[in-house]
């Protein structure tokens, strides 16, 4: 699992651009974290939905790829329930809820440092036949 | 409209971080563009879903705020149908399909330079009573 | 709560058409049940996604209306992870995950008699200012 | 195509229960219709989201199966933008926007007799290797 965590932490260049940390990867689970900085703000000066989404998507990708087979996102939905502010620390926890030969479904809860729900994300991935090149 | 376009182009810091351009804003419409660079790649070396999402979300935000009243994203769904590659130029075209006093719904199609659909996004926004501070 | 449960059980005519039972309603929660019959089948002779959705939506409606203020569905997403068969007993458990003055978000898990996840639903409701006419 | 239309019209038992008509099926397209009756109402006496969803899902199923290979719904999202009333005639028009060997994506617009958008639906289907048993 540490190999897979390191692979995503090092090779996911958008996650690096945005300063995301991949804290843990388990069987069908993953946890990622970011601190909302200036570069993540939207025009209303809150944390951008695109940054929150990208953090959730990063945890989702690690979770559905944790089995060692390449899985790619095909559909995701997200509800935004609290606007994060600059300085907030957001943690995305991903947990697979269905795993089929071709399809995986994963829930991701994004919470702030107070434990408040910021966004609820669900993603569906298509599992290819080739291995993840870790 | 040019004021609103300039407001989003200048004040949306995530869009600046990711190199997005807001090409046009009309009544309930907007068009944004990006060139997929290294910084936008995922661990599989394609364009990251988070970058594609953020581009679509940027066009969506401009479109639902084009009426001059502050509107914030509350829910979005996206289907990813083609993986973009480094160097691809992606254009997101947003078009409002419903506009109520409190709620707006907007479709965004993201296409590459060949005109192929990369992702189909739908967003719902909650319209606040205060004006956009343009 | 029993008043609200009875109100939905009696007044939701689609739920009656489709033979749904509303088992329980709590603060921001609800549980509904159906047995998959011939009338719920799709052209491939499995339980129809429309029936599974309607059951989840019924539990969602009861949960977000449990506070006594009228709330209407504005957006829902559902992932179908196991095809139900004729004779299966499906239970939808709804649980609110966010409650704001105007917006509520609710997760619904639909499971069969073996406890297997059939579908995962998330709904967003707009809360009107008027009371539920129970 | 008429064979496929007839197959869905005859074999989709939920569609029969709810009085849906499948008007047309083309390559990646379909059109279905219903008149909102008492049996389709929710507890607030408007057309039930479950009925609108089921109509959209019916058109979606016909459209993604129009190529003759069995396709099953795996994920759908729907935004509800106008509450239909008893007596309203709803038409769901489905149009595939992506077709891959394994995955198809389809938009469905549901409109009332005035042409007003009632709901906007997007569905993703998984295409199995076996033929549709028409």
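Structure remark: mean-square fluctuation, Gaussian network model of chain D, C-alpha springs under 10 Å; the largest value among D:21, D:86, D:96 belongs to D:86. With the label put 7 angstrom out from Cα along the Cα-to-Cβ vector, residue B:68 ends up 4.1, 5.8, 6.2 nm from the copy partners, going from closest to farthest. For the segment B:34-45, counting C-beta atoms of other chains within 10 Å of every residue's C-beta and taking the mean gives 5. Here the chain A residue lying nearest the rotation axis onto C, judged by its C-beta and given with the distance in whole angstrom, is A:77, 2. In chain A, the calculated helix contribution to ellipticity at 222 nm averages -7000 deg cm²/dmol per residue, counting -39,500 (n - 2.57) for every DSSP H run with n ≥ 4.
In nanometers and ordered shortest first, the copy-to-copy spacing of the residue B:37 label point, defined 7 Å from Cα toward Cβ, is 1.6, 6.1, 6.3.
Partner chain Cβ atoms within 10 Å, averaged over the residues of B:9-22 - can you pull that number for me? Provide the component values of the computation, followed by the final result.
Numbers: counts 1, 1, 5, 7, 11, 13, 5, 3, 10, 8, 0, 1, 0, 0.
That average works out to 5.
When residue A:87 is represented by a point 7 angstrom out along its Cα-to-C-beta vector, the spacings to that point in the other copies are 4.6, 5.9, 6.2 nm, nearest first. Counts of other chain beta carbons within 10 angstrom of each beta carbon in peptide B:102-115 average 2. Note that chain D shows a convex hull volume over its alpha carbon atoms of 91 Å³ per residue.
Radius of gyration (Cα atoms) of the protein assembly as shown, expressed as a multiple of 2.2 N^0.38 Å: 0.91. Normalised by the number of residues in segment C:2-131, the average gap of Cα pairs under 8 Å and 6 or more apart makes the relative contact order 25 percent.
Between the Cα long axis of helix D:49-64 and the first principal axis of chain D there is an angle of about 20°, rounded to the nearest 10.
Taken as Cα centroids, segment B:84-134 and segment D:40-115 sit 21 Å apart, rounded to the nearest whole angstrom. Helix B:2-11 and the long axis of chain B differ in direction by around 60°, with both axes built from C-alpha atoms. Quick check: pseudo-label points 7 Å beyond the Cα along Cα→Cβ at residue D:116 and residue D:21, how many nm apart are they? Distance between label points: 2.3 nm.
Values quoted throughout were computed directly from the atomic coordinates according to the rules given, and no laboratory measurement underlies them. Small disclaimer: the values here were computed from a predicted structure and weren't measured. Using ideal geometry, Cβ is built from the backbone for each residue, glycine included, and neighbour counts are taken over all protein chains shown.
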